[in-house]
Amino acid sequence: MENEINLDKIDINAESPTEEPARQYYFMAKCREWVFEFERKNGRRPCFFTQTFGCQMNARDSEKLVAVLSGIGMVETDSEDADFVLYNTCTVRENANLRVYGRLGQLGVKKKKNPGMLIALCGCMMQEKEVVDKLKRSYPFVDLIFGTHNIFQLAELLYLRLSGKKPVIEVWDGTDKIVENLPSERKYPFKSGVNIMFGCNNFCSYCIVPYVRGRERSRQPEEIIREVERLAADGVVEIMLLGQNVNSYGKTLMHPISFAELLTQVEKVEGIKRIRFMTSHPKDLSDELIAVMKASKKICPHLHLPLQSGSSRILKAMNRKYTKEQYIALAKKIKQAIPEISLTTDIIVGFPGETEEDFLETMDVVGMVGFDSAFTFIYSKRTGTPAAVMENQVPEDVVKERFDRLLKKVQETGAKVSGRQVHTVQEVLVEEVNDHDDRMMTGRLGNNTVVHFPGTKELIGKIVRVSLDEFKGFYYLGNLAEQKKNR
Ligand code: SAH
Ligand code: SF4
Ligand code: F3S
């Protein structure tokens with residue numbers, strides 16, 4: 001665990017500290033007493049299950065939640081037949097919410113059979129008042145609800161729930177603070193996400209993220225570097241710097257620093273071999289960043305650059321602050337500077353008022369830029385966002401038909417461009433044993449393309465040279481090549 005603190009040294013009979021993170025460590029120690037008590041009664045430790053919905057930022061948050069639960073001595077399990085079940089939710093599209101409600105219904109049935117089970121919900125959905133109201137009304141068996149701004153309070157809120165009988169609901173509207181030095185655990189020993197900022201100030205008109213994640217806050221560069229150094233010392237070779245819009249990192253700090261400068265500092269950390277980041281907003285992508293990427297040996301040649309729409313008219317209505325032409329010019333500039341780069345994107349189909357002509361503009365950009373891959377989304381109306389009350393919502397059947405056409409185009413262009421390294425030897429970070437065939441290993445190229453090759457699990461976490469023998473549409477099949485010394 002990162003930031004390990006000895007809970008034995010904490011006096012749980014003393015007053016609770018007011019400072020963070022000391023306060024949370026104090027409540028962890030208190031919760032641990034409950035775990036011991038549970039073990040004495042039941043002859044086993046309580047077990048917990050967590051499920052994460054949504055983006056990489058939620059995934060990183062969940063690692064912190066898991067660290068708290070493991071830190072107090074609970075045992076992680078992969079089944080929902082657990083003593084404590086925690087969902088870290090997403091609300092970016094309606095589907096995400098529906099999935100949570102569906103799963104909660106099933107959990108309710110389990111809880112009837114096992115009334116001692118505790119159910120907790122946190123994350124972006126909880127920042128919506130209507131959601132919490134609905135949960136109180138229709139899912140009263142939920143024990144603990146907290147939001148994105150007070151996610152660091154898990155230990156304290158869990159203790160509150162354990163020491164009472166009533167559900168605990170604590171959702172902050174916002175915060176200007178960033179609590180550092182909480183425990184954190186990693187899903188993979190060799191790679192990790194690192195938050196560099198929280199929240200978003202862009203208010204794209206379709207998007208709920210700024211409402212549920214609050215205003216943009218950047219972490220101090222020193223804190224980020226310290227975390228990266230700790231990760232490197234712990235054997236991590238790949239890090240992904242995370243933020244909703246990393247290109248505006250550092251602008252609001254007391255001593256402003258650019259994202260490109262931050263990257264230059266991260267690059268210096270010994271032991272880190274690959275640096276990725278997510279997500280870049282095209283409007284803030286600087287020439288300085290392109291230059292730093294080009295010069296870097298560690299920054300991966302991959303850029304996720306959400307397009308959202310190829311129509312300048314729709315982009316304006318989306319409040320994206322760039323035009324079709326500007327996006328294309330930017331993509332061109334990046335490819336010229338870094339020819340091996342892989343560009344990926346997000347596209348929304350069926351934004352209010354989108355006409356067939358607008359849609360064809362999107363298709364046009366996809367053809368011109370040649371994305372390695374793209375996430376395509378059907379526009380989802382999010383209550384409270386400006387787009388939700390726009391006229392001309394596009395009928396479902398029209399959207400579906402456009403979506404299918406776009407998906408086909410994206411897959412075709414992806415298959416054409418992303419196989420360009422076939423018959424070359426490239427470095428692959430080996431990530432896991434192949435899901436379908438345990439004689440095969442699965443890893444990624446710097447540009448994020450997946451590679452499968454025969455190997456053994458001792459290679460996991462290592463960077464090896466693989467000859468890319470065959471391209472299969474969106475992944476390579478390969479074989480270990482001759483390795484360079486000193487890796
Ligand atoms: N901060 C990132 C994206 C975060 S949300 C960025 O600005 O690029 C991830 C993706 O979800 C977005 O890029 C967008 O394509 C999609 N998305 C967001 N809100 C949506 C909505 N209301 N309907 C459909 N897709 C949406
Ligand atoms: Fe949402 Fe736009 Fe912020 Fe991305 S930049 S999180 S799409 S508001
Ligand atoms: Fe979803 Fe929240 Fe991420 S709404 S996409 S989990 S920031």
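The values are calculated or read from the model by the stated rules, or taken from the named source; none is laboratory data. All values reported here derive from a predicted model rather than from experimental measurement. No Cβ is skipped: glycine too gets one built from the backbone with ideal geometry, and neighbour counts run over all protein chains shown. Areas reflect the complete protein model, heavy atoms only, side chains present, ligands, DNA and RNA absent. Shrake-Rupley method; radii C 1.70, N 1.55, O 1.52, S 1.80 Å.
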Filter segment 1-35 down to the residues that are open to solvent by 60 Å² or more (accessible area, probe 1.4 Å), in contact (Cβ under 8 Å) with a residue 24 or more places away in the chain and over 29 Å from the mean Cα position of the chain (by Cα) and list them by number. W34
Is it the case that some residue within segment 284-300 is in contact (Cβ under 8 Å) with a residue 40 or more places away in the chain and within 16 Å of ligand 2 (Cβ to nearest atom)? yes
Is there any pair with a first residue in segment 445-474 that is closer than 17 Å to V425 by Cβ and a second that is of a type in the set (G, A, S) and modelled with pLDDT of 95 or more whose Cβ atoms are under 6 Å apart and which are 6 or more apart or on different chains, and what are they? N447/S342; V451/G443; V451/G478; F453/G478; V466/G478; S467/G478; L468/G478; D469/G478
Do you know which residues across segment 74-91 are within 15 Å of M126 (Cβ to Cβ), open to solvent by less than 10 Å² (accessible area, probe 1.4 Å) and not aliphatic (A, V, I, L, M)? Y87, N88, T89, T91
Which condition number does G71 fail, the rest of (1) more than 16 Å from ligand 3 (Cβ to nearest atom); (2) over 24 Å from P21 (Cα atoms); (3) open to solvent by less than 30 Å² (accessible area, probe 1.4 Å) being met? (2)
If you check E458 against the conditions, is it farther than 30 Å from G367 by Cα, open to solvent by 20 Å² or more (accessible area, probe 1.4 Å), over 25 Å from the mean Cα position of the chain (by Cα) and of a type outside the set (K, R)? yes
Scan segment 380-400 and report the pairs whose first residue is in contact (Cβ under 8 Å) with a residue 60 or more places away in the chain and farther than 21 Å from N97 by Cα and whose second residue is more than 14 Å from ligand 3 (Cβ to nearest atom) and not hydrophobic (A, V, I, L, M, F, W, C), with Cβ atoms within less than 6 Å and a gap of 6+ or a chain change. M390/P352
When N319 is evaluated against the numbered criteria (1) farther than 26 Å from V394 by Cα; (2) out of contact with any strand residue (DSSP E or B) (no Cβ under 7 Å at 6 or more places or on another chain), which criterion, by number, is the only one it fails? (1)
Regarding segment 14-29, can at least one residue be identified that is over 28 Å from N181 (Cα atoms) and among the basic types (K, R)? no
How do the pairs read when you match residues in segment 92-119 that are within 21 Å of G164 (Cα to Cα) and open to solvent by less than 60 Å² (accessible area, probe 1.4 Å) with residues anywhere that are within 16 Å of ligand 2 (Cβ to nearest atom) and aliphatic (A, V, I, L, M), using Cβ under 7 Å and keeping only pairs 6 or more apart or on different chains? none
Residues of segment 168-217 classified as hydrophobic (A, V, I, L, M, F, W, C), in a loop (DSSP other than H, G, I, E, B) and within 12 Å of ligand 3 (Cβ to nearest atom), total: 3
Any chance V246 is within 30 Å of V428 (Cβ to Cβ) and within 16 Å of ligand 1 (Cβ to nearest atom): yes
I'm checking my understanding of the structure. Among residues of segment 326-385 that are more than 30 Å from Q426 (Cα to Cα) and among the β-branched types (V, I, T), which one is most open to solvent (accessible area, probe 1.4 Å)? T383
